[in-house]
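These notes are about the structure you will find just below.
The values are calculated or read from the model by the stated rules, or taken from the named source; none is laboratory data. All values derive from a computational prediction rather than experimental measurement. The protein model used for the area step is the full one, side chains on, heavy atoms only, and it has no ligands, DNA or RNA in it. Shrake-Rupley method; radii C 1.70, N 1.55, O 1.52, S 1.80 Å.
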Amino acid sequence: MYEKEHEIVSEEFVARKDTYNLKQVKMQIEKVTIIKALRATNGNKASAAQLLGIERTVLYDKLKKYDIGL
């Protein structure tokens, strides 16, 4: 359902020179965390939002922002 390569922040990502860009690193971590929450809730977005401590509408915005399949 969700891409495996986003399961963790990979060593390749950490080794990249642009990982000094805090905004990019934070976005990657946020994306990974959202995917993990969706996996933990078997794709239930309301439960994933609750697990993440955000509103469901905020989760939908982030799913769109990070192009995470609905």
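Ranked from largest to smallest solvent-accessible area, with a 1.4 Å probe on the protein heavy atoms, TYR66, TYR20, TYR60 come out as TYR20, TYR60, TYR66. According to the calculation over all Cα-Cα pairs in segment 28-70, the P(r) per 10 Å bin from zero is 33, 65, 2 %.
Using a probe of 1.4 Å on the protein chains alone, the accessible area found for LYS23 is around 140 Å².
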